[in-house]
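Chemist: Sharing a structure with you now.
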Amino acid sequence: MIPKINGLGRSFAGVAAYCLHDAPTPDDRSPETSERVAWTDTRNLATIRAERAARLMAATAKAAPDLKRLAGGAPGGRKLAKPVLHYSLSWARDETPDRQEMSRAVDGSLEALGLEGHEALIVAHDDTRHPHVHVVANRVDPETGKAAKLGNSKLRLSRWAEGYEREQGRIRVERRVNNERRRAGQEVVRTPWERPRHWARVRRERMVPGRARRARGPVDEGWVDMEAWRRAEAQAWEKVEDRRMLEFSRLESRARQEWAELLKRQEDMRQRLDRESRSLLGRLRIWRIDRSLRELAGAVRGREDLVEGWREDLDRYNKGERAALGKEHADSARQIERKVREVYRKGLQDAERHARITVQDLVKRAAREMKERGPSITRVPPRLPRPRGPERGGGGFER
């Protein structure tokens with residue numbers, strides 16, 4: 001069981017359209033067909049029609065202040081910007097859960113998140129090899145109007161999925177060993193690139209390493225001792241793996257420090273611009289940097305559009321600095337991967353050369369196997385005398 005939270009959203013209609021229809025394609029971004037939908041269901045909704053579920057959930061989210069007032073609570077508070085929760089539950093390829101089992105799992109996951117009393121739309125798809133079901137839940141409680149707190153929702157679903165697999169009698173996802181470490185009060189072990197970071201920074205820095213290990217075997221497996229090759233390949237990978245992790249850890253530490261310094265410097269520049277633009281001398285100092293006589297009068301009068309243009313220029317400059325720093329970190333990461341692949345490729349060549357089987361090796365191996373089996377007695381058929389003269393066939397001749 002693999003639960004995956006797709007995120008929070010604003011539109012019930014948008015996510016419902018995606019779940020209730022086929023997957024969009026580059027040619028058809030809004031398909032009208034629904035062939036991949038196996039079945040649908042709802043929770044805590046007055047209708048059983050999936051098409052109306054999105055409208056009812058949107059109406060409930062919109063009426064949250066009135067629901068709070070009717071429940072006796074304060075109708076104030078900040079408006080909930082993202083009332084939509086969308087997540088999915090996926091089974092293994094060799095599992096064949098029926099609708100009843102999927103519905104039971106959905107109810108368990110909603111209870112783990114504290115949404116058992118909330119409105120939800122359930123859509124099962126059969127377009128992949130692994131069975132899976134999508135759940136669109138409303139964060140607004142239909143009785144109290146309060147929004148559900150979804151802190152540590154990923155961890156809660158992970159613990160629920162672990163319990164679900166234990167009920168099934170087989171643990172399929174071994175990576176949930178961190179749950180046991182958390183229960184024991186131990187530190188959760190993560191590699192440097194598995195630590196939570198902002199995805200915008202990940203995209204800028206390109207810090208997620210690719211697969212440097214070659215998946216296929218040697219070029220010609222018929223003349224290679226595969227057992228010796230596998231041992232040598234594992235040694236070649238272990239030789240570069242620790243170095244690779246160390247280099248990426250150093251790069252990440254350096255990138256974090258440089259990003260923090262850059263963002264702090266850009267924030268200071270933005271605050272300085274706002275502070276200088278409030279006074280005449282400050283505006284003149286900013287104008288001296290640009291030295292545009294056409295904007296001198298606007299700088300003296302403190303024209304708002306001129307100050308806003310300065311802010312846009314500063315934001316454009318800061319954006320270019322962030323892009324340059326992200327490109328620098330991406331180049332460093334690619335250089336690390338390039339060095340790792342070169343060293344690993346040389347190790348594979350050495351492994352294949354040492355595991356190569358020659359004709360002499362085959363002869364020595366056959367002799368060794370015959371020696372281990374010991375001498376064998378082979379029965380030789382008796383040799384018959386060779387016939388001569390007319391006895392060879394074809395008749396004789398008279399003298």
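No lab work stands behind these numbers, since they all come straight from the coordinates. Since we're looking at a predicted model, the values are computed, not measured.
Chemist: Using a Cα-Cα cut-off of under 30 Å, which lysines could be cross-linked to K371, ignoring same-chain neighbours fewer than 8 residues away?
Modeler: Correct list for K371: empty, as no lysines qualify.
Chemist: List the pairs from K264/K339; K62/K149; K4/K339; K154/K319; K79/K264; K82/K154 whose alpha-carbon separation is above 27 Å, in the order I gave them.
Modeler: Going by Cα-Cα distance, K264/K339; K4/K339; K154/K319; K79/K264 fall outside the 27 Å limit.
Chemist: Using alpha-carbon positions, what is the distance between the centroids of segment 69-129 and segment 2-21, in Å?
Modeler: 11
Chemist: For N6, list long-range residues whose amide hydrogen, built 1.01 Å from N in the peptide plane, is under 5 Å from its own amide hydrogen.
Modeler: Amide H neighbours of N6: H86, Y87, S88.
Chemist: Ok, one more. Can you work out the Karplus-derived ³J(HN,Hα) for every residue in segment 109-114? Use 6.51 cos²θ - 1.76 cosθ + 1.60 with θ = phi - 60°, whole Hz, and x for glycine or proline.
Modeler: After applying 6.51 cos²θ - 1.76 cosθ + 1.60, I find 5, 5, 5, 5, 8, x Hz.
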